[in-house]
């Protein structure tokens, strides 16, 4: 009998408490673990350590106002516009790829599965 190995996937957010910035804020980090292999990177977001919920690994406050406050503190209009432009560009690229997949699927079905 063949046994299958269960894969694991975990995401952990934490902050670099040992390296606060001059303004007193700390950088939010992310660690992704897949099957025991870890990769850590910066989210490039800075928050006040008092606004961090250690138990849940997230910023305190679930309200829309708390989320907007965090976004406004970390994103300028220029930076937000750049991210929106990048998102729009990637969305168009994904649309093009999806159309290619649909066309290739139809071509495959027609050629190999004799579907019209």
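Count of the stretch 17-55 residues, restricted to those that are assigned to a loop (DSSP other than H, G, I, E, B) and within 19 Å of residue 71 (Cα to Cα), is 3.
Here the condition is being at pLDDT 85 or above, out of contact with any strand residue (DSSP E or B) (no Cβ under 6 Å at 6 or more places or on another chain) and under 25 Å from residue 8 (Cα atoms); of 89, 55, 37, it holds for 37 alone.
The values are calculated or read from the model by the stated rules, or taken from the named source; none is laboratory data. These numbers were taken from a predicted model, which means no experiment stands behind them. Note: ideal-geometry Cβ built from the backbone for every residue, glycine included; neighbour counts use all protein chains shown.
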